[in-house]
Protein chains: 2
Amino acid sequence: MSQYLPGLEGVPATRSNISDLDGKRGILTYRGYRIADLARYSTFEETAMLLLDGKLPSREELAEFDRQLRENRRVKYNLREIMKYLPATGHPMQMLQASIAALSMFYPGDECLTGSDLCEDLEYVHTMSVKILARMATLVAMWEHIRNGYDPVEPRKDLGYAENLLYMFNGEDPDPLYARILDACLILHAEHTINASTFAALVAGSTLTNPFLVIAAAIGTLAGPLHGGANQKVVQMLREIGSPDRAEAWLEEQLRHKRKIWGFGHREYKVKDPRAIILQDMMMDLMKERGGEVTPLFEIAVALEKAAESRLGPKGVYPNVDFYSGLLYLQMGIPEDQFTSIFAVARCAGWLAHWREQLKDNRIFRPTQVYTGEAERDYVPIDQR
Amino acid sequence: MSQYLPGLEGVPATRSNISDLDGKRGILTYRGYRIADLARYSTFEETAMLLLDGKLPSREELAEFDRQLRENRRVKYNLREIMKYLPATGHPMQMLQASIAALSMFYPGDECLTGSDLCEDLEYVHTMSVKILARMATLVAMWEHIRNGYDPVEPRKDLGYAENLLYMFNGEDPDPLYARILDACLILHAEHTINASTFAALVAGSTLTNPFLVIAAAIGTLAGPLHGGANQKVVQMLREIGSPDRAEAWLEEQLRHKRKIWGFGHREYKVKDPRAIILQDMMMDLMKERGGEVTPLFEIAVALEKAAESRLGPKGVYPNVDFYSGLLYLQMGIPEDQFTSIFAVARCAGWLAHWREQLKDNRIFRPTQVYTGEAERDYVPIDQR
């Protein structure tokens, strides 16, 4: 028997050709392509295709996939009515898990539940992937309106994925700069090797369950504060600091008390998170171009980053992707408790790619345990206990 | 780096003192107590407590736990209204995943999502466990009525867990013999070491996500045909055989074509599944006592079992727990596509016990991958592809 390693750290759980991470050099690739290039030259739609199909699409292939996504944005009114019965105080990730599971019932897909070969049918896998990926954004944006007592904004077919997501949130023609930044954020969050939520998708998928149920399992996992919730914490932290001139003293205080600095450091990267570098550039561009419009939290972030550079940089601790993404989302009009939902929308592309890969060479996950409990013993009747 | 083993077969993923399985001797124990003893002397309520707390309760402790379960059976009318907007054609396991995730929004529990220490607080863990376990049965029974166009049957406080579940399904005072059999079935399905759904619960739970979301991840995983759906297949198979005198010829035909015989064999047991032995006894008792009332499928099952004894027994292949449980559920008025839901109701006790154990010594699951993909390469503009 293999050695027990908590959290399966260092234990290979799958063979995968989707993404790769070189933590020493700070390089993350999707299907071999560097994340920095994808953020600069690609779109979320194209990157999703790359993740799902394994190659960059031709112009025609991309146009067809994009058309399918646009056609699949609407969700039935049943979902709107269901959301009206959910308490507005609930977390959007709870809503999202419930809604994706509920959506599963509206689309042919329970074939998977009955054990046919459909799960290995590529067309079925593609169709279901489009149905899920297109509707994730709609559900997230719908909830924003419904929980505030308003009817949701219907999706538009004339907008790209990120543009339409922004439009559904704000009900206004999307700001092109914000849409471009959101598109890059979606690309940067779309995939990151085998993390906990992706692993949950593999485990669920390995029983050949319905893909909506697979994604719901992953959403429930991403919702945990140890996984998807850090960018929300960053914004809270910047608020707590209050003004740029307090950043350095605040940082010293935190370090002295050995308290966590949210948005700094990453288990996998020994150098600066490549996704953070891209987002930092975008934040600086945004500040230059829209000076007066941006939230004062940006100035605090810049001050904190500067203070941290000399104090934490030498230890290899740099701002990570969470440090910038929350700030950027806030600026676009996306509320803090929806940051993880946007993460889920993006990561859904990676989850679906891993689901597809799992089905191709499937074996149900059934690890063992190190039993540390009682040896076999006799039952004790209740009056003798 | 460790060796890659597909499905993590033979790889220990956790330390656990909840259940243990000796496949060679055919012994399954919960906290050291043999499953045969628990099915005979215990109740589902007591067994759930044993799994959750690690010891058989005193009379007072059991009465208090039972009282809490009875108090927590009702679900808010919102869930009834939500179910009305779900399509009746959807699978009950899809409904169950959606409903448990939706329920999370109604109960204080999102504390877990915000990263407080509540997740490690024993009282919080206990309270949430009761809230979830008590309501699982209610949701499953509610759906049976709502999908058929009727208002659900409200739970009763004067009945035990299994009795009340039967009552909510049929709307009549529960048959005591059926209730006793269902109670035993719940005990037998409550826990079975680290299977795929329990593992999904561990992975989700390790991010400190809300426990309703943990259970929803497990439900989505159990729904897969490779995991929870086999007893439904057994009933379909017995229908296909059609009459007892055709059982032997049908079996020969299946074996000749190397087709799967549903409800036979188990990856872990080299001898007869101990749970199957108990259910077989119950089936025989039921047939003796209620001769004329039982479904003709029972006679077909007995004939198939007999034919299989000489053909498969020498190879160590015996009927498993699925072979009998579906038949027994059918006899109690539970429709075939709800068998897996009943399994989920029972296994929820085990999932919650493992969730609690995971929190006590938590480390987020983040295994590695064997990367088999493309090496780093340059992005290719769309008109050069």
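The values are calculated or read from the model by the stated rules, or taken from the named source; none is laboratory data. Quantities reported herein were computed from a predicted structural model and do not represent experimental measurements. We place every Cβ from the backbone using ideal geometry, glycine too, and count neighbours over all the protein chains shown. Ligands, DNA and RNA are stripped out before the accessible areas are found, and what is left, the full protein with its side chains, is counted by its heavy atoms. Shrake-Rupley method; radii C 1.70, N 1.55, O 1.52, S 1.80 Å.
Quick notes on this one:
- The mean accessible area for residues of the protein assembly as shown, using a 1.4 Å probe and ignoring ligands and nucleic acids, is 37 Å² per residue.
- Under the Debye formula (equal points on every Cα, no solvent term), log10 I(q)/I(0) of the range B:105-240 at q = 0.15 Å⁻¹: -0.95
- Pairs exceeding 28 Å between alpha-carbon atoms, taken from B:Lys233/B:Lys272; A:Lys258/B:Lys131; A:Lys233/A:Lys306; A:Lys76/B:Lys260: A:Lys258/B:Lys131; A:Lys76/B:Lys260.
- Accessible area buried by the pairing of B and A, both sides summed with a 1.4 Å probe, works out to roughly 10300 Å².
- Annotation: extensible slack from B:Arg267 through B:Arg67 equals 68.2 nm (criterion: 0.36 nm per residue apart, minus Cα-Cα distance).
- Over all other residues within a Cβ to Cβ distance under 12 Å of A:Pro244, the charged ones net out to -2, with Lys and Arg as +1 and Asp and Glu as -1.
- Net lengthening on full extension, B:Arg239/B:Arg40 (0.36 nm per residue, minus Cα-Cα): 68.6 nm
- Inter-copy label distances at A:Pro381 (7 Å, Cα→Cβ; nm, one decimal): 8.7
- Simple Cβ-charge dipole of chain A, Lys/Arg +1 and Asp/Glu -1, about Cα centre, in debye nearest 20: 780
- For chain B, calculated [θ]222 nm from helices alone, where every DSSP H run of n ≥ 4 adds -39500 (n - 2.57): -17000 deg cm²/dmol
- The protein assembly as shown: antiparallel DSSP beta bridges as a percent of all, rounded to 5: 60
- The range B:209-249 shape via C-alpha gyration tensor axes, a/c threshold 1.5: prolate
- Accessible-area value, A:Glu289, 1.4 Å probe, nucleic acids and ligands omitted, Å²: 120
- Choice from B:Arg259, B:Arg356, B:Arg31 showing the highest fluctuation, given a GNM over chain B with Cα pairs closer than 10 Å: B:Arg259
- Nearest-10 value in Å² for the accessible area of A:Trp250, using the 1.4 Å probe: 40
- For the pair B:Arg74 and B:Asp383, the difference between a 0.36 nm per residue extended length and the Cα-Cα distance amounts to 105.2 nm.
- Label-point separation in nm, B:Glu81 to A:Lys157, each point 7 Å along Cα→Cβ: 3.3
- Per-pair calculated FRET efficiency, R0 = 22 Å: A:Glu9 and B:Asp121 via Cβ, rounded to 0.05: 0.25
- When both the range A:124-162 and the range B:174-208 are represented by their alpha-carbon centers, they are found 35 Å apart.
- Ranked order, A:His189, B:His266 - accessible area, probe 1.4 Å, largest first: B:His266, A:His189
- Span from the the range B:37-112 Cα centroid across to the the range B:253-290 one, whole angstrom: 29
- Ascending distances from the A:Lys157 label point to its copies in the other chains, with the point 7 Å along the Cα-to-beta-carbon line: 5.6 nm.
- For the range B:197-213, heavy-atom accessible area (probe 1.4 Å) falls by no less than 10 Å² from the chain alone to the full protein assembly at B:Phe199, B:Ala200, B:Val203, B:Ala204, B:Thr207, B:Leu208, B:Thr209, B:Leu213.
- Mean projected area of the Cα convex hull of chain A, taken over all directions, amounts to 24.5 nm².
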